[in-house]
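K.L.:
Sharing a structure below in structure tokens format, with a few things to ask.
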Amino acid sequence: MAEGWARNNLILRGYTCFVPTRCVLRHHTRIVTLPLFVGYGFVALADDDPWIPIQYTPGVRSLLRHGSRPALCPPGAVEALQASEYLRATPLPAHRPWRTGDACCLTQGPFAHMHAVVHALDDHTATLSLLMLGELRHVTVPFHAITPIKD
């Protein structure tokens with residue numbers, strides 16, 4: 001997992017990093033941990049932290065940017081992903097209802113094939129957290145518009 005290699009190298013340089021993961025069952029016997037957002041991780045930065053060394057860390061391909069500065073996540077977005085990490089640590093059977101923290105893939109519309117995390121549920125829709133346009137965003141879709149992520 002390249003995301004894990006990049007995370008470990010960033011930690012060695014003194015940064016606090018988080019790579020959201022999900023667990024899947026392979027061949028009905030082996031549990032495998034995979035990144036939730038392939039190719040993405042989150043780095044905590046204070047206003048005075050140097051961010052330029054991040055882009056030169058082994059395993060880091062590039063940074064999401066807003067202009068010439070790194071893009072920032074909305075307050076609470078990474079914390080919500082961290083809080084739901086334990087929910088994604090155990091693979092669930094294929095035929096089960098959706099629950100908060102589940103990894104999914106959009107199947108319809110302009111965002112088809114994008115990976116997301118179930119953020120909230122009501123009777124007919126799921127609100128999802130997904131990386132879109134360089135930011136963690138929320139979209140609400142009907143249940144039939146999402147499917148478990150295929151590996």
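K.L.:
If I filter segment 85-140 down to residues being free of Cβ contacts under 8 Å to residues at least 40 places away in the same chain and among the acidic types (Asp, Glu), which single residue comes out as surrounded by the most Cβ atoms within 10 Å (Cβ to Cβ)?
P.N.:
That would be 122.
K.L.:
Please find, among 113, 119, the residue that is in contact with a Leu (Cβ under 8 Å, 6 or more places away or on another chain) and not in a loop (DSSP other than H, G, I, E, B). Explain how you work it out, then say what you get.
P.N.:
Working: 113 fails: not in a loop (DSSP other than H, G, I, E, B).
Result: 119 is the single residue among 113, 119 that is in contact with a Leu (Cβ under 8 Å, 6 or more places away or on another chain) and not in a loop (DSSP other than H, G, I, E, B).
K.L.:
Residues of segment 67-84 being outside any loop (DSSP other than H, G, I, E, B), small (Gly, Ala, Ser) and surrounded by 16 or more Cβ atoms within 10 Å (Cβ to Cβ), which ones? Spell out how you get there, then give the answer.
P.N.:
Initially, segment 67-84 is screened for residues outside any loop (DSSP other than H, G, I, E, B), giving 69-70, 77-83.
Of the ones still in play, those that are also small (Gly, Ala, Ser) are 77, 80, 83.
Passing the criteria: 77, 80.
K.L.:
Further question on the same structure: Looking at segment 122-146, which of its residues are assigned to a loop (DSSP other than H, G, I, E, B) and of a type outside the set (Gly, Ala, Ser)? Break it down stepwise before answering.
P.N.:
So the first thing to find is which residues in segment 122-146 are assigned to a loop (DSSP other than H, G, I, E, B), and the list is 122-124, 133-134.
Those that are assigned to a loop (DSSP other than H, G, I, E, B) and of a type outside the set (Gly, Ala, Ser): 122, 123, 124, 133.
K.L.:
Check whether at least one residue in segment 63-84 is in contact with a Cys (Cβ under 8 Å, 6 or more places away or on another chain), of a type outside the set (A, V, I, L, M) and either under 25 Å from residue 143 (Cα atoms) or modelled with pLDDT under 85 (or both), and report yes or no.
P.N.:
To start, the set of residues in segment 63-84 that are in contact with a Cys (Cβ under 8 Å, 6 or more places away or on another chain) comprises none.
No, every residue in segment 63-84 fails to be in contact with a Cys (Cβ under 8 Å, 6 or more places away or on another chain), of a type outside the set (A, V, I, L, M) and either under 25 Å from residue 143 (Cα atoms) or modelled with pLDDT under 85 (or both).
K.L.:
Still on this structure, please answer the following. Can you work out which of the residues in segment 1-60 that are hydrophobic (A, V, I, L, M, F, W, C), in contact (Cβ under 8 Å) with a residue 40 or more places away in the chain and assigned to a loop (DSSP other than H, G, I, E, B) is surrounded by the fewest Cβ atoms within 10 Å (Cβ to Cβ)?
P.N.:
Of segment 1-60, the ones hydrophobic (A, V, I, L, M, F, W, C) are 1-2, 5-6, 10-12, 17-19, 23-25, 31-32, 34, 36-38, 42-46, 51-52, 54, 60.
From what's left, in contact (Cβ under 8 Å) with a residue 40 or more places away in the chain: 2, 5-6, 10, 18, 23-25, 31-32, 34, 36-38, 54, 60.
Among the residues that remain, those that are also assigned to a loop (DSSP other than H, G, I, E, B) are: 36-38, 60.
Working: 36: 22, 37: 22, 38: 11, 60: 19.
Taking the candidates together, the pick is 38.
The values are calculated or read from the model by the stated rules, or taken from the named source; none is laboratory data. Because the structure is predicted, anything quoted here is derived from the model rather than measured. All Cβ positions, even for glycine, are placed from backbone atoms using ideal geometry, and neighbour counts span all protein chains on display.
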